[in-house]
Amino acid sequence: MRLTDLTFREIVRALESRELSSRDLVAAALDAIRSSGDTLNTFIRTADPDDLLAQAQAIDDARARGRSPGPLAGIPIAIKDNISTCRLGTTCGSRMLEHYQPPYDATAVARIRAAGGIVVGKTNMDEFAMGSSNEHSAFGPARNPWDTERVPGGSSGGSAAAVAAGHAVLALGSDTGGSVRQPAGFCGVVGVKPTYGRISRYGLVAFASSFDQIGPMARDVAGAAALLDVVAGYDTRDATSLRETLPNYVTAVTAGVEGLRIGVPHEFVGPTVQPWVRERVEGALAALEAAGAELRELSLPSLAHGVPTYYLIADAEASTNLARYDGVKYGHRADASDLDGVFERTRGEGFGDEVKRRIMLGTYALSAGYRDRYYASAQAARRVITAELVRAFDEVDALVGPVSPGTAFPLGERVADPLAMYLSDIFTAPANLAGAAAISVPCGVASDGLPVGCQVTVDRHAEPVMFSLAGEIERACGGPLAPPSGGGA
Amino acid sequence: MTRTPVIGFEVHAQLATRTKIFCACPNAIGGEPNTRVCPVCLGLPGALPVLNERVLELGIIAALALDADVAPRSFFARKSYFYPDLPKGYQITQNEAPLALGGYLDVASTERSFRVGLRQLHIEEDAGKTTHREGRDSLIDMNRCGVPLLEIVTRPDIRSVDDAVAFAEEIRRVLVYCGVTSGRMHEGSLRFDTNVSLARPDGTPGVPCEVKNLNSFRSIRHALKSEIARQSEALDAGGEVQHETLLWNEQAGEALPMRSKEESADYRYFREPDLPDVVLADARIDELRGLLTELPAALRKRLRAQYGLTDEVAAVIAADPRTPPYFETAAAELRALEPDAEGVPTLANWLIGPLRGLAHERGVPLDAVLESRVPPARLAELVALRLAGRLTETGAKTLLEAAFDTAEELGALVERLGLDRISDETRLSAVVASVLDEHPDELARLQRGERKLVRFLVGQVMARTHGNADPRVVNELIEAAARGETP
Amino acid sequence: MAVSIDEARHVARLARVDLSDEALVKIASELSTVLDHFASLAGITDEPDSLHPFEASDPPEADHAPALRTDEPGETLSREDTLAGAPVTENGQFSVPGFLPDES
């Protein structure tokens, strides 16, 4: 059997009724990894198969004894390699941390383990989460299970591809400017960026502190909601984490969309969007209308500034977040006879080109003489964009549009053109700027044979509405997708 | 030409909290290197800072004690620079949006009092410690990373080296008194950086230089003198003073230039995104203001005025927060027993002299002494006995020791140990006669004019009476014998 | 807004990233392209800024408890864990090539 044969609910029911065992699930994951893991290059490190099967066995035994072993018990889960795990290392897709072994688990990982989840491996990613195609990994690009000559998206490309190809049932990615939603769209799976502060960042290796959020990924909306349920919630170790009591995300998925007001911003369906993408998204919108939602057109002109605003602030924060990689305490260390040499060569050797580019941009934006023109203006712009979105959410419950202007592009097409790469984030960055919640849910396969992701963006704390809309889109589009012939095999 | 020095300070005080500023590692000193760190203070990937509430409290208390305005909203920023003992490559500091602005400290120096204005108080994290070794690799201990620091920046209001040292001493007193810092400078819990320039003849300020890393009052004095001399020499020779930052080396007894930078540091400050703003309600500030006890300077003044104590005695009592309440209770008890206000200075002397000395000698913590061994009433009673003339000085000291070591009533102890002062002339005459019989040579020499033998013979009588003889009476009797009058 | 090679070199120095002359030229050009595109940001609002407190999307609620920690000691890392990933150590301390104390 393949993990992509079943929905999340079906898996949970089958485990509870003991039609399926955890061992079966883990074995299916291992089979899929064996058959397409190398081609797709989804993982940087995988756990020892015997160890995984033993974990699964332990959970099956507990179930057999009548114990209820946790909401994610026995479910194979993949973790993006910028999320700290005590075992399997945490490379962030970089030479800098190639051999780094954290002495602690991220809070999200600890919660998954406590819920019985089985971590199958650490997924491939753009180095330090900087990228939109997973081509900037020090360990080779990951590939899209729908077409292995195409990118899976980034930076959480490995996680998206792993879920799409049945290497895991659920995955964690991270989203700073769209890094969970865009690859989810490209790979035909579901990816969530929750409200900023919803999931603890303790253990998520920082890229841009005021944007980063861990993002649950799954083949279907119910799976993503269940995973969010487990990892979300206040953490004393993260001063930016939210204290609100959590609503029930899982029931929201089937709550329906009657009476919800949906905004379709002009800026989200302009000429930059490929016609075959627009077609699928319009189909989703029509389905929502048929199900009782009300569609409204609106304009959010400040969104045009979303990408530069995002990049300047994110890279400024990143330039400081990555200053700790200096060869002194952990990670790569270059040979040099003087201190500055150690710093400069370690960082020159340990970081890839894209990371260096971003560090340079961020440092420049903060440097004396430029801070006002770049960083300060970007902060002001952020406030304008945020205010415009908040006002929009007075009028509508959600904004719906494509997650990306196009479907997955070919490997190598944009890697030499940083600006083109940055513009991939045009629809996703606004949610990160405002701290709002957003989800990418597949809304069909385009005429080019590739999946299309539909993005639903809601106000902060409005995840239940987001899940209801995504659930309806998924239903209307015939349920979760699977790549042809299992993907990549 | 004498040029007036213009001096200011940056005071760095390690806050007396149990844990570090952004993590739960113990805030302590000593121990093996790299044994008091965690992912947060070590700067591991993915770790995040969370502010210690006690750090905030102590910062506010210090600000209130120094009359600074506490900002209702302050925040932290990242100050970026690369340094091996700065694990994140940036320091989290409130430098740009401090906890409090303004404030002042009044300082008494020799004959006068002067005021030093403050610019700001802010909190920040300390960095680790680097050991530099000549011609070898430098070694880094991260234990000190994340220790909470309070930085107090003064205005350059100080005009002499003596005043500078007096300021340093007084600010230490205030901070220790309020419980903000331990003030143990030899442990590094209080460090000073100074900036000093020489005023031009027309009164305009000269170019300031900084001397950093002053960890004792002695080094402050030494460094300032040396820096003033250096600048004077340069100006006298017709040159200019260049702005420099110097590191004070205690062993070498000199300030060495720090590594020069090709360009002045660009710290690229921006608001720390991992920490929410510090928002303080007025109610909270008032609550903390209520915790502030009377500060040393005000206390000293009051002790002098209210109890007639000298400067020195008042200063000693005020220096330790445990002694003033004890002293005031004892003083009240003494006044009740002996309504003679002049006895209180004597009480004060007994407290800071023999009682504290005895505690130290016996190795008993002062708290225990003041609370149970010799509570205020007990000391007052003892001093009252002394003042009433019932005990000699020696006798009183003996009684103190006994009162320290046992729980017996003082009256009973006096009797049991035979400490009553012997003033009865008849009794004493007998003892004097007996002593003179035993020392006929000495008596003869005394009568011939060897004055120093008075002391010897008096001493003999005192010894014979275990110190309880009234020395005045014994002296008179010996003098009479010296004159040839038979007892 | 062109970024000169000298500026790029200065920024690389601030960021302690070793870049060959060739790489500097390339990166200066890339930064120029990107920043040109981003020039649209200037003047988006009249607000002055600098280190203004960045207001989160929601203004902090009056009764939202501040994110503070109690002053209670917790677990530290063992020395072994602390030094486990260290590239160069000596006597339990991190080691770097010798240098003079820096102004900081």
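Each value in this text was obtained by applying a stated rule to the coordinates, not by laboratory testing. Predicted model only: the values in this text are computed from it and were never measured. Counting neighbours? That spans all protein chains shown, and the Cβs are built from the backbone with ideal geometry, glycine included.
What's the center-to-center distance, using Cα atoms, between segment B:426-451 and segment A:382-400 in Å?
About 108 Å separates the Cα centre of segment B:426-451 from the one of segment A:382-400.
For the pair B:Glu32 and B:Arg155, what calculated FRET efficiency results from E = 1/(1 + (r/R0)^6), where r is the Cβ-Cβ distance and R0 = 45 Å, to the nearest 0.05?
It comes to 0.60.
So what is the relative contact order of chain A, in percent, for Cα pairs below 8 Å that sit 6 or more residues apart?
Computed value for chain A: 19 percent relative contact order.
With the cut-off at 26 Å, tell me which of the pairs A:Lys80/B:Lys20; A:Lys80/B:Lys79; A:Lys122/A:Lys329; A:Lys193/C:Lys26; B:Lys79/B:Lys129; A:Lys329/B:Lys20 have Cα atoms farther apart than that.
From A:Lys80/B:Lys20; A:Lys80/B:Lys79; A:Lys122/A:Lys329; A:Lys193/C:Lys26; B:Lys79/B:Lys129; A:Lys329/B:Lys20, over 26 Å: A:Lys80/B:Lys20; A:Lys80/B:Lys79; A:Lys193/C:Lys26.
When only C-alpha pairs under 8 Å and at least 6 residues apart count, what is the relative contact order of segment B:5-289, in percent?
About 24 percent, as a whole number.
If the only charges are +1 at each Lys and Arg Cβ and -1 at each Asp and Glu Cβ, what is the size of the charge dipole of segment B:296-417 around the Cα centre, to the nearest 20 debye?
300
Set Lys and Arg Cβ to +1 and Asp and Glu Cβ to -1, take the dipole of the protein assembly as shown about its Cα centre, and tell me which of A:Thr7, A:Val441, B:Leu436 lies farthest positive.
B:Leu436
For A:Gly444, which sequence-distant residues (separation of 5 or more, or a different chain) have an amide H within less than 5 Å of its own amide H, given hydrogens modelled in the peptide plane?
Hits under the 5 Å cutoff: A:Val452.
Enumerate by residue number the trypsin sites (Lys or Arg not before Pro) in segment B:139-205 meeting two conditions: DSSP loop (anything except H, G, I, E, B), and at most 14 other Cβ atoms within 10 Å of the site's Cβ.
Hits after loop and neighbour filter: B:Arg159, B:Arg184.
Okay, which of segment A:278-302 sit inside 14 Å, backbone N to the point 7 Å along the Cα-Cβ direction of A:Arg261?
The answer is A:293-299, whose backbone nitrogens lie closer than 14 Å to the label point.
With +1 assigned to the C-beta of every Lys and Arg and -1 to the C-beta of every Asp and Glu, and no other charges, what is the dipole magnitude of the protein assembly as shown about the Cα centre in debye, to the nearest 20?
Roughly 1080 debye, rounded to the nearest 20.
How high is the relative contact order of chain B, given as a whole-number percent (alpha carbon pairs under 8 Å, six or more residues apart)?
With pairs under 8 Å counted, the relative contact order is 13 percent.
How far apart, in nm, are two points set 7 Å out from the Cα along the Cα-to-Cβ line at A:Arg391 and at B:Ser423?
Distance between label points: 9.5 nm.
Measure off 7 Å from each Cα along the Cα-to-Cβ vector at B:Glu479 and B:Asp441, then give the distance between these two points in nanometres to one decimal.
2.8
Based solely on its DSSP helices, what 222 nm [θ] is calculated for chain A when runs of n ≥ 4 H residues each add -39,500 (n - 2.57) and the sum is averaged over all residues, nearest 500 deg cm²/dmol?
-11500 deg cm²/dmol
Rounded to whole Hz and in sequence order, give me ³J(HN,Hα) for segment B:462-474 from the Karplus expression 6.51 cos²θ - 1.76 cosθ + 1.60, θ = phi - 60°, writing x for Gly and Pro.
After applying 6.51 cos²θ - 1.76 cosθ + 1.60, I find 4, 5, 4, 9, 6, x, 8, 6, 5, x, 4, 5, 4 Hz.
5 Å is the cut-off here: which amide hydrogens, built 1.01 Å from N in the peptide plane, fall below it relative to A:Arg296, excluding neighbours closer than 5 in sequence?
Amide H neighbours of A:Arg296: A:Ile262, A:Gly263, A:Val264.
Which listed residue (B:Ala412, B:Leu387, B:Val70) has the Cα farthest towards the positive end of the charge dipole for chain B, taking +1 on Lys and Arg C-beta and -1 on Asp and Glu C-beta about the Cα centre?
B:Val70
Would you please give the FRET efficiency between A:Ala420 and A:Gln101, computed as 1/(1 + (r/R0)^6) with r the Cβ-Cβ distance and R0 = 25 Å, to the nearest 0.05?
The calculated FRET efficiency here is 0.10.
Using a 10 Å cut-off around each Cβ of peptide A:206-218, what is the average number of partner chain Cβ atoms that fall inside?
2
Give the list, by residue number, of cysteines in chain A with no other Cys Cβ closer than 4.7 Å, or say none.
Those would be A:Cys86, A:Cys92, A:Cys187, A:Cys477, since no other cysteine Cβ in chain A comes under 4.7 Å of theirs.
Compare the Cα positions of B:Ala28, A:Ala368, C:Gly98 along the charge dipole of the protein assembly as shown (+1 at Cβ of Lys, Arg; -1 at Cβ of Asp, Glu; about the Cα centre) and return the one farthest towards the positive end.
Value computed over the given set: B:Ala28.
For the residues B:Cys38, A:Cys477, B:Cys25, what sequence is obtained by ranking on other C-beta atoms within 10 Å, fewest first?
Ordered by Cβ neighbours within 10 Å, fewest first: A:Cys477, B:Cys38, B:Cys25.
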